[in-house]
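A.B. asks: For reference, the structure I am asking about is given below.
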Amino acid sequence: MQTFGIIGLGKLGLSIAVGLSTQGRLAWTMNRSLEQRNAAKFQLPVSLPMYPSVGSIQQPASCIILAVADNAIEEVSAQLAAHFGSRLNDLVVMHCSGVKRRDALKACEEQGAITMSLHPYQTFAIATAKNFKDIPWGVEYPPVEPFRTIAEQFALDLVYTLGGKLVPLSEETLAHKPLYHASAVFSANYLNALVGFAALSAEQAGIDPQEFLPQILRRALDNAITGLKQLGTGKFPLTGPISRGDLETLREHINNFRLLPNPMEILRPYCLIGIATAEFACTQGVIDSVKRQAIVDLFEQALRP
């Protein structure tokens, strides 16, 4: 049976560890932080080896997963290569970065390891195996056989065990992989920031965000997903004053933000997001270029000291 070892017990690494341990597939974990190792013990089997360093790992697993920060992948790869040497031969080593390519594991590959990148297209606010249900994993395999087929078998095993689906990334996508990752940042990080600004605005208006926001957010996201499914044939369903070119309402918003004790705290993001929304509305054909420019001018003027 193929076994897995995980280096890194952040939210992603711990989520993978929990999913694999419930299937009896996890051989060990490694994390330098004592705090994170102790926290992970509440979700992982008591008997599972948890190592504090790469050099303390006793045996390599069939597949070693690097769930570490992007800027640490090459360093950890070099540590694995130095520690295990030729014992990595014909084993699989993968990283989970959405930005770095497979060649970040070059040090392991030089010791005979079969390397790949396998990125879960998901946000990890908390560590749970439920994060992986039905999500796509973008994968870059080795280019030649039989290494590609071996890597694919391990990728299928891991992803299907966790309940996701594999999506091989094209050479075009891999050539600009940071753009692939940026789309995930828009989908998760920026979306959360928008909700945070909406909550702040609601509080400043004297209403309870928990009472007023959930339903409109759900409807807006449902509408956006509907637009996504129609991409290429339809339009994203933009509503509100920008979609109407309603300068008067936008001006009222700005004027009232200026009355707040710290107006730029919300006025700045409101205007910057408004400029981006006006540009997007124009490309979608919702407003014409004249209305777009008038809206952009209004927001840019509001941002000036």
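The values are calculated or read from the model by the stated rules, or taken from the named source; none is laboratory data. Small disclaimer: the values here were computed from a predicted structure and weren't measured. Because the Cβ atoms are built from the backbone with ideal geometry, glycine has one as well, and the counts that use them run over all protein chains shown.
A.B. asks: Could you grab the pairs with beta carbons closer than 9 Å, sequence gap of 6+ or different chains, first residue in the range 47-74 and aromatic (Phe, Trp, Tyr), second one in a helix (DSSP H, G or I)?
C.D. replies: Close Cβ pairs satisfying both conditions: TYR51/ARG37.
A.B. asks: I would also like to ask the following. Only residues in the range 29-40 that are assigned to a strand (DSSP E or B) count as the first member; pair them with residues that are of a type in the set (Gly, Ala, Ser), Cβ under 8 angstrom, at least 6 apart or cross-chain, and list the lot.
C.D. replies: The qualifying pairs are THR29/GLY5; THR29/GLY13; THR29/ALA17; THR29/ALA40; MET30/GLY5; MET30/GLY8; MET30/SER53; MET30/SER56.
A.B. asks: Restricting the search to the range 196-214, which residues are among the aliphatic types (A, V, I, L, M) and surrounded by 14 or more Cβ atoms within 10 Å (Cβ to Cβ)?
C.D. replies: ALA198, ALA199, LEU200, ALA202, LEU213
A.B. asks: How many residues does the range 234-255 hold that are more than 32 Å from the chain's Cα centre (by Cα) and of a type in the set (S, T, N, Q)?
C.D. replies: Of the residues in that region, 2 qualify.
A.B. asks: Do we have any residue at all in the range 78-94 that's farther than 19 Å from GLY10 by Cα and either among the aromatic types (Phe, Trp, Tyr) or not assigned by TED's automatic domain parsing to the domain that holds VAL167 (or both)?
C.D. replies: Checking the range 78-94: at least one residue is farther than 19 Å from GLY10 by Cα and either among the aromatic types (Phe, Trp, Tyr) or not assigned by TED's automatic domain parsing to the domain that holds VAL167 (or both).
A.B. asks: A further question on this structure: Within the range 154-184, can you find the residues that are more than 12 Å from HIS119 (Cα to Cα), surrounded by 15 or more Cβ atoms within 10 Å (Cβ to Cβ) and not aliphatic (A, V, I, L, M)?
C.D. replies: Hits for the range 154-184 are PHE154, ASP157, THR161.
A.B. asks: Right, another one. Looking at this structure, is ALA202 at negative phi and modelled with pLDDT under 95?
C.D. replies: In short, no.
A.B. asks: Output the residues belonging to the range 1-33 that are among the aliphatic types (A, V, I, L, M) and either surrounded by 14 or more Cβ atoms within 10 Å (Cβ to Cβ) or modelled with pLDDT of 95 or more (or both).
C.D. replies: Passing the criteria: ILE6, ILE7, LEU9, LEU12, LEU14, ILE16, ALA17, VAL18, LEU20, LEU26, ALA27, MET30.
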